[in-house]
Amino acid sequence: MTSPPTTRWRERPPSHDSKHDEHWQRLQDGRRFRMEQLAALKADNPATPRHESVTRVLHTSASVALAEIDAALARMEQGRYGQCVSCGRQIDDERLAVLPMASLCMNCHYNRQNCNLADAAHWGRG
Ligand SMILES: [Zn+2]
């Protein structure tokens with residue numbers, strides 16, 4: 001096996017945000033899951049180009065998910081967890097309960113999604 005990840009987070013959630021303890025725990029679980037997934041994909045030895053492209057897509061989505069989790073943990077460390085990174089408003093508790101790594105409030109999320117859709121339409125690909 002290779003060496004463990006270099007980034008080290010606290011053993012316990014940052015104390016200034018005890019109401020986010022549960023989210024912290026879920027983020028930790030999600031992080032561990034993604035690390036294992038990435039390690040498994042790295043160990044995977046694709047036999048066909050098709051297999052290889054599937055592996056690449058999985059690797060990309062796992063990397064993106066891991067980056068989102070790390071960003072959420074970093075915001076928690078800084079005491080900014082639960083704030084929309086775009087408009088600064090408080091993200092709904094219900095949204096965080098479903099998506100603990102959410103960085104955008106519903107409004108900004110949908111605005112951004114609409115932008116992406118408009119881009120995709122403009123460039124003629126999704
Ligand atoms: Zn927002």
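The values are calculated or read from the model by the stated rules, or taken from the named source; none is laboratory data. Every value quoted in this text rests on a predicted model; they were computed, and no experiment measured them. Reconstructed Cβ throughout: ideal geometry from the backbone, glycine too, with neighbour counts over all protein chains shown.
I need the helices (runs of 4 or more DSSP H) fully contained in the range 17-126, keeping only those with at least 2 residues that are in contact with a Cys (Cβ under 9 Å, 6 or more places away or on another chain) and either at pLDDT 95 or above or within 16 Å of the ligand (Cβ to nearest atom) (or both). Steps first, answer last, please.
Values: elements: 21-43, 49-77, 93-98, 106-123.
The helices (runs of 4 or more DSSP H) meeting that bar are 106-123.
Can we say residue 77 is in contact (Cβ under 8 Å) with a residue 60 or more places away in the chain and closer than 23 Å to residue 25 by Cβ?
Working: in contact (Cβ under 8 Å) with a residue 60 or more places away in the chain: yes; closer than 23 Å to residue 25 by Cβ: yes.
For residue 77, the condition - in contact (Cβ under 8 Å) with a residue 60 or more places away in the chain and closer than 23 Å to residue 25 by Cβ - is met.
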